[in-house]
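The values are calculated or read from the model by the stated rules, or taken from the named source; none is laboratory data. This structure is a prediction, so every number in the text was calculated from the model and none was measured. Here the Cβ positions follow ideal geometry from the backbone for every residue, glycine too, while neighbour counts run over all protein chains shown. Areas reflect the complete protein model, heavy atoms only, side chains present, ligands, DNA and RNA absent. Shrake-Rupley method; radii C 1.70, N 1.55, O 1.52, S 1.80 Å.
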Amino acid sequence: MAPDAAGRQPLAPETPDALADIVRAAAADGTPLDLMGSGTRRGLGRPVAGNARTVSLRGLMGVRQYSPTELYITVGAGTPLAEVAATLAEKGQGLLFEPPDLRTLLGSAGEPTIGGAVATGFAGPARIAGGGIRDSLIGVEMVTGRAEAIRSGGRVMKNVTGYDLTKLTVGSFGTLGALTEVTFKVLPTPRRMATLAVRGLGDGDARALMSLALASPYEVTGAAHLPAAIAARSEVAALTDGAATLLRLGGFAESIDYRVGELTDHLETAAQIDVLDDDASAAAWAEVRDVRALAGPPDRAVWRISVKPTAGPEVVARLADLLPDVLYDWGGGLVWLSLEAGEDAAASVVRGAAEAAGGTAMLVRAPDGVRAAIPFQAPPTGALATVIARLKSAFDPAGVLNPGRLYPET
Amino acid sequence: MQMPEPNAAVLARRAQIAADLRSLLPAPDMVIAAEDELRAYETDGLSAYRQMPMIVVLPETTQQVSAIMRYCHMNGIRSVARGAGTSLAGGALPLADSVVIGISKMTRVVDVDFANRTATVQPGVTNMAITTAVQHEGFFFAPDPSSQIACTIAGNVAMNSGGAHCLKYGVTSNNLLGLEVVLPDGEVVRLGGPNLDGGGYDLMGLFTGSEGTLGIVTEITVRILHSPEGARPILMGFDSNEAAGACVDAIISSGIIPVALEFMDKPAIHAAEAYVHAGYPLDVEALLIVEVEGSDEEVDRLLGWIKEIAQRHNPSYLRISTSEAESQIIWKGRKSAFGAVGRISPDYYCMDGTIPTGQLPGVLKRIGEICDGYGFEVANIFHAGDGNLHPLIMYDANKAGDLEKAENCGADILKLCVDVGGCLTGEHGVGVEKRDLMTYQFTETELEQQRRVKDVFDPAWLLNPHKIFPLSARVGRLGADAAPAAAAE
Ligand SMILES: Cc1cc2nc3c(=O)[nH]c(=O)nc-3n(C[C@H](O)[C@H](O)[C@H](O)COP(=O)(O)OP(=O)(O)OC[C@H]3O[C@@H](n4cnc5c(N)ncnc54)[C@H](O)[C@@H]3O)c2cc1C
């Protein structure tokens, strides 16, 4: 692990108790802590305020319990995602939320951890069907900013006992507690996959087609649109020639052929439809999941906009002057956008467009100067801001856990 | 049942408070203060407990709810939100000095958006009414509590209710997009939105399942799904709970995740059959209802596979539903099972723990022994796919001491659920019913952190303050009662 700017090695607790000691000491003297797994997503959120001490949670690792018939897995928060995935794959199961690998996009290296995935909260294309991290995380253990080890949830998927603090950890960027252990509901992975690639549609038509597909009984598990310029960057040879609207089906082999046929009929489109088989599907969806098409050039700013699906193309149309590269996922509801970073990544225009449509925009990547100047996401206002600030201090009264990383004041 | 000491000063101002509330609302009949009319609000689905509220208000808009909450906040008056009053945990049980905020007039479907697959509704819309509003386009709202004809979406949000089909579709929380909430001080906030995963703290996730203690939900945007082409169950009977449990494991290990996987034991089967005549076999110890979805051909294939798996576990009964009518009656038997047990016993007490599914046979055996020890019969109905148990303890409230005995028996069962790695409540909530058991599942540190969350939203503990947490544990909190005293009937 690399030393920080002051030449100090990261602290590396291997037990929740050791972590609690570190947090206790930090809270006592007001030293901010910069929590990380392997650091592959350190570029997300704003740099932690103050002269922070880095804490690596990598040492809290290992598969603790895995019960394929009870459909859950419990792992240390520092466990590499790849290890979790491999453990599950041995039994034909997987995480439902299809976690993206953002290393290419963020230009980082290292082994992404499961705790980092939870704290940052990003789900992949399967979000529209299998749910987000919030939907499959069923239990956590964490050390709060009070240096207290607490549990929420457990290892059963039906559990309404007490407040759902588990969900609160998802996407909280470690500002409420340092995760030490996480438990997920898991499911069998589809035995076979196929993807309909509908060719040559404009953004608006593609969105309408995705809505139609998702309003069918055929259980579409992914709906993404690659405009021509993005499709051209694909490494899946079949996709490179013109815009491609991807509709994914998964399930038992016997069902897939049937559903491909039914869905094709249901779409009633004159556009050309190519069908990608299992391998090509996997490759195409991994590219979408990891937002690889927007990885280069690295000095461009990358935004992640979440809106209702019908608003996706509308927001993009309003930003046309910025000449963005655009990739749509979640049926149009997730828009990845890259543009010339400039001074401020066009923050007010991008946020204005997203918010006018009832959505939000996150600045996922930008040169350091821009990142420091522009909030990661729009700061909350009014009564909500009060609730958020109070919640932060309920968990971390000294404000030592990743201060400023998610919200400017928390 | 211990209740917080009513605030005498508030009670003394009752007439004035009713008048003030009337001045905040457009019609005088939106405030109920007459004793005979208040009676309808004294209890919920946990009818062993009754407590008359001070006043009931029936607002129609978010602004009215906000005005009421602001008034209560400024005047130190406690309030309790109420949906349809079907809570089985006493979630809607009032306090003697409380204003009950009933949402029964807020029943408008505000917007249905098929292109974005959402419906936005007022809080008093029933669970079933959401599906009714969208089914003409082939859509449905997935969470399906057995009480769905009566219970409100606000109650579902407050309790994070589940249903028989949540193995595939998840519980309420997994099917929400956004909430409009009136905070205890009257401020109106929006949590979540029309979009997915907008970033920031998942306050919608925190609010869901918070049992009406953090705010009043006034508008809800839910996800709606397109219905599958078809769905049909298979019925499978076994000579032992062990065999049925092993069959459940085997089905899941095979990679098939049914949409529903329900279990009934012999007393439950007999009660349901006598009530609904669903055609359940009466000579089996355990019955599984396993449902799969898809086209006719897909359903046939999946049910065929499940049948093959089941046959390895020596079922004494196997029947695949062949028609919509047959499927409906099979489900009717299951969904009426609580009522059916109500017919064969003067009273029943419905428990709701969850266990890791592998513990099933052992836990059922222990539940039998525990109930035996108290001299009670028990019927077991549960969601076997996710381990959510509903033992129904049959007792007679007219027998002196029987209710208390039933409660102790239930507590022993719930402790057993925690002991084997599960939890106190899978879908009904803690309410007043299980609040004293919270210390069994959580450490004092953990409970205190949860109470700090309550402090964030409701620093004076004015909204539904007697739920979720043991009363004694609130000592010292601002506005909370130092000494619990009064007892509800
Ligand atoms: C026969 C029967 C079968 C049942 N089956 C199931 C089942 O299968 N699955 C399941 O999960 N539950 C089941 N239940 C329990 C119950 O129906 C659910 O808990 C339901 O969600 C309660 O809804 P309600 O409208 O009746 O709420 P109420 O009982 O009126 O209130 C429940 C809670 O919600 C709060 N609340 C109400 N309105 C609001 C609001 N606007 N804002 C904030 N909080 C509010 C109340 O304060 C209270 O804490 C069953 C109950 C019965 C009687």
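If you average the alpha carbon positions of the stretch B:376-437 and of the stretch A:183-230, how far apart do those two centres end up, in angstrom?
44 Å
For the ranges B:388-395, B:64-71, A:25-32, what's the packing order if you count other beta-carbon atoms within 10 Å of each residue, average per peptide, and put the highest first?
Top to bottom by mean Cβ count within 10 Å: B:388-395, B:64-71, A:25-32.
Please say if the stretch A:192-290 is rounded, prolate or oblate, where rounded means a/c under 1.5 for a ≥ b ≥ c the square roots of the C-alpha gyration tensor eigenvalues, and otherwise the choice is prolate for a/b larger than b/c and oblate otherwise?
Since a/c reaches 1.5 but b/c is at least a/b, the shape of the stretch A:192-290 is classed as oblate.
Using unit Cβ charges (K, R positive; D, E negative) and no other charged atoms, how large, in debye to the nearest 20, is the dipole of chain A about its Cα centre?
Computed charge dipole of chain A: roughly 1080 debye.
Net charge near A:Met210, counting Lys/Arg +1 and Asp/Glu -1 over other residues with Cβ under 13 Å of its Cβ?
On the way: positive: A:Arg207, A:Arg248, A:Lys308, B:Arg117; negative: A:Asp203, A:Asp205, A:Asp329.
That works out to +1.
In the stretch A:296-369, carbon and sulfur make up what percent of the accessible area (probe 1.4 Å)?
Carbon plus sulfur share of accessible area: 54 percent.
Amide H to amide H under 5 Å from A:Gly222: which residues, 5+ apart in sequence or cross-chain, H placed 1.01 Å off N in plane?
Answer set, sorted by chain and number: A:Arg248.
In deg cm²/dmol and to the nearest 500, what is the mean residue ellipticity at 222 nm of chain A if only DSSP H runs of at least 4 residues count, each as -39500 (n - 2.57), divided by the residue total? Numbers along the way, then the final one.
Values: 15 runs with 128 residues, N = 410.
So the calculated ellipticity at 222 nm is -8500 deg cm²/dmol.
Report the A-B buried area as the accessible area lost on both sides summed, probe 1.4 Å, in Å² to the nearest 100.
That pair hides around 6800 Å² of surface in total.
Per-residue HN-Hα couplings for the stretch A:288-297, Karplus 6.51 cos²θ - 1.76 cosθ + 1.60 at θ = phi - 60°, whole Hz, x for Gly and Pro?
5, 3, 8, 6, 5, 5, 9, 5, x, x
Membrane-span-like helices in chain B: DSSP H runs reaching 24 Å or more (Cα, own axis), mean Kyte hydropathy at least -1.0?
Taking the DSSP H segments of chain B (at least 24 Å long, mean hydropathy at least -1.0), we get B:402-419.
If each DSSP helix of 4+ residues adds -39,500 (n - 2.57) and the sum is divided by the residues in chain B, what number results at 222 nm, nearest 500 deg cm²/dmol?
The helix contribution divided over chain B gives -10000 deg cm²/dmol.
Quick check: the distance between the Cα centres of the stretch A:122-143 and the stretch B:442-457, to the nearest angstrom?
One Cα centre to the other: 23 Å.
Tell me which residues come under 5 Å, amide H to amide H, from A:Gly251 once H is placed; ignore anything under 5 positions away on its chain.
Counting only residues 5 or more places away or on other chains, the set is A:Arg191, A:Arg192.
Hey, if you put +1 on the Cβ of every Lys and Arg and -1 on every Asp and Glu Cβ in the protein assembly as shown, which of B:Ser227, B:Leu288, B:Gln441 ends up farthest toward the positive end of that dipole?
Farthest towards the positive end: B:Gln441.
Is the stretch B:222-296 rounded, prolate or oblate when judged by the Cα gyration tensor, a ≥ b ≥ c being the square roots of its eigenvalues, rounded requiring a/c under 1.5 and prolate requiring a/b larger than b/c?
Working: a/c = 2.42, a/b = 1.42, b/c = 1.70.
Oblate shape, in that a/c is at least 1.5 and b/c is the bigger or equal ratio.
Can you give the mean number of other chain Cβ atoms that lie within 10 Å of the Cβ atoms in peptide B:225-237? Show your work: numbers first, answer last.
Details: counts 5, 8, 1, 3, 6, 1, 0, 0, 0, 0, 0, 0, 0.
If you average over the peptide's residues, the count of other-chain Cβ atoms is 2.
Over chain B, give the accessible area per residue in Å² for a 1.4 Å probe, as an integer.
Values: 16110 Å² over 489 residues.
Value returned for chain B: 33 Å² of accessible area per residue.
Hey, what angle do you get for helix A:253-267 against the long axis of chain A, alpha-carbon based, 0 to 90 degrees rounded to 10?
Here the helix axis deviates by roughly 70 degrees.
Compute the acute angle (0 to 90°) between the alpha-carbon long axis of helix A:382-395 and the principal axis of greatest extent of the alpha-carbon atoms of chain A; round to the nearest 10°.
Once rounded, one gets 50 degrees.
Just how far, in whole angstrom, is the stretch B:239-286 from the stretch A:149-168 if you go by their alpha carbon centroids?
Distance between centres, Cα-based: 29 Å.
In whole Hz, what ³J(HN,Hα) sequence does the stretch B:137-154 give by Karplus (6.51, -1.76, 1.60; θ = phi - 60°), x for Gly and Pro?
Karplus-based 3J(HN,Hα) across the stretch B:137-154 equals 9, x, 9, 8, 9, 6, x, 9, x, 4, 8, 4, 6, 9, 6, 8, 5, 5 Hz.
What residues have an amide H closer than 5 Å to that of A:Val275, excluding those fewer than 5 places away on the same chain, when H is modeled at 1.01 Å from N in the peptide plane?
A:Ala197
Provide the per-residue ³J(HN,Hα) series for the stretch A:349-360, in order, calculated from phi with Karplus coefficients 6.51, -1.76, 1.60 and θ = phi - 60°, each as a whole number of Hz, with x at glycine and proline positions.
5, 5, 5, x, 5, 5, 6, 4, 9, x, x, 9
Under a Cβ-only charge scheme (Lys and Arg +1, Asp and Glu -1), can you give me the dipole magnitude of the stretch B:109-226 about the Cα centre, in debye to the nearest 20?
The calculated dipole for the stretch B:109-226 is roughly 320 debye.
Counting Lys and Arg as +1 and Asp and Glu as -1, what is the net charge of the other residues whose Cβ lies under 15 Å from the Cβ of A:Met193?
Values: positive: A:Arg191, A:Arg192, A:Arg248, A:Arg259, A:Arg289; negative: A:Glu98, A:Glu219, A:Glu254, A:Asp257, A:Asp274, A:Asp277, A:Asp278, A:Asp279, A:Glu287.
Neighbour charge sum, excluding A:Met193 itself: -4.
With +1 on each Lys and Arg Cβ and -1 on each Asp and Glu Cβ, how big is the dipole of the stretch B:347-419 about its Cα centre, in debye rounded to the nearest 20?
Dipole size: approximately 180 debye.
Given the options A:Asp344, A:Asp279, A:Asp329, state which has the largest fluctuation in a GNM of chain A using a 10 Å cut-off (strictly under) for Cα springs.
A:Asp279
With unit charges on the beta carbon (Lys/Arg positive, Asp/Glu negative), name the residue among B:Ile468, B:Trp305, B:Ala15 whose Cα is farthest towards the positive pole of the charge dipole of chain B.
B:Ala15
Which of A:Thr120, B:Ile329, A:Ser393 sits farthest toward the positive end of the charge dipole of the protein assembly as shown, with +1 on the Cβ of Lys and Arg and -1 on the Cβ of Asp and Glu?
A:Ser393
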